[in-house]
Amino acid sequence: MKFNRSLFAALLPLLMLIILAGCSSWREEPKENTVKESQEKPLQEGKLPEQQTPQVQEKDVEEIDFSKIRPNENGQVMILMYHGIGEKEEEWVRTPENFRKDLDVLYEKGYRLISLKDYIENNIQVEAGLSPVVLAFDDGLLNQFNIIEENGQKRLDPDCAVGILEDFKKRHPDFGAGGSFFVYYPLPFRQKALIKDKYDFLIQNGYDIGNHSYTHENLGKLDAQGVQKALALNVKQTLSYLPDYDVYALALPYGIGPKGDDYKYAAQGTYQDTSYNHRAILKVGSNPAYSPVSLKYDPLKLPRVRASEANTAGVGMYDWLAVFDKYPHRRFISDGDPDTITIPESEKENINRDSLKGKTLRTYKLEE
Ligand SMILES: [Zn+2]
């Protein structure tokens, strides 16, 4: 199908009017983007404290009580994997009640939402002493984002994933924002007339849209050209709704990536007139992810934790929450300042210095 750009451009204002008029009832005013531009600071070589604590290197680094907060910004981060939200709890389905419970538990235990993009860009802004968590939803299902009509009024289904999240954020404004929806085509979220509106709503409210291939292909069964076609066609479709959008992340369908050397085409490639550049690739795998400053961090092979309770084989979200409760030093604990990376002295050798990109590294050691 050919895409007539000039005709589209000419009709765009009209389309916008129709969309705005038809669907304003479930849409809310876009929230202001609160993400700050990271301020580049020169990396000071050889400034790591030999021992002793705490050594603050820049005058604007905020003082915190290390013994109380115990920051560890080389700790692990959970990227939680969801699929359906539905009436019956199953391996790939979470009930609305259980999803609400997940959010309650995360909030109570000091986890705060950040976007996948802020995670991979090491721009983690959560309050000192709290931990970031990333949400990922695969497949673009109706029960992830459903618009219902009642008495001629369109509104957000309170029991779909977005409805539950928006309600939770309203009640807990400090929970943060974020959540990546990995969609495939032709019908993301299954309501054809509302695709564009849903996409707009998502990006205006701090969520993002990722690649989950064109038609949920098994990338392990395709050759280099097939992989690029499956991924580029997804991006092309997404751009047809959101021109200039940066599709920066891919969730591998079935958790399967291209074989051998072709894996590189999961990250970058071109098919016909469309190129893509994924800086994050999510697997299905069952561990928390490493900190973006860790030597072990690989953004093109990010593991996810399954956010369900059925058949998790001991490595689901609640299992990992229990691990982090028992061994808090394994968890990413923020120092409250995205421009300063604070770690216990013992983590010093596990940091990838190249990842700091001008941020200040601060270490501390507690007298036990
Ligand atoms: Zn999938």
| task | Net charge near ARG112: determine it from the other residues with C-beta under 12 Å of the C-beta of ARG112, scoring Lys and Arg +1 and Asp and Glu -1. | result | -2
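Using the 2.2 N^0.38 Å rule of thumb for compact globular proteins, work out how segment 118-264 stacks up: its C-alpha Rg over that value, please.
It is 1.13.
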| remark: The summed charge of the VAL227 Cβ neighbourhood (under 14 Å; Lys/Arg +1, Asp/Glu -1) stands at 0
| request: Output the Kirkwood hydrodynamic radius of segment 87-151, Cα pairs only, in Å rounded to one decimal. | output: 14.1 Å
| field | Largest-first principal axis extents of the Cα set of segment 202-303 (Å) | value | 37, 36, 20
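Above 24 angstrom, tally the Cα pairs of segment 76-334 and express them as a % of all pairs, no decimals.
46 percent
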| said: Report the Cα centroid-to-centroid distance between segment 72-104 and segment 186-225 in angstrom, as an integer. | reply: 20 Å
| Per DSSP, loop chymotrypsin sites (Phe, Trp or Tyr not before Pro) in segment 230-259 with at most 16 further Cβ within 10 Å | TYR245
| message | Using the Cα atoms of segment 259-363, I'd like the radius of gyration and the largest Cα-Cα distance, Dmax, both in angstrom. | response | 17.1, 51
| query | GLY285: net charge of surrounding residues, Cβ under 15 Å, Lys/Arg +1, Asp/Glu -1, itself excluded? | reply | +2
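Laboratory data are not the source of any read-out in this text; all were calculated from the coordinates shown. Given the structure is predicted, the values throughout are model-derived calculations rather than measurements. Every residue, glycine among them, receives a Cβ derived from its backbone with ideal geometry; neighbour counts consider all protein chains shown.
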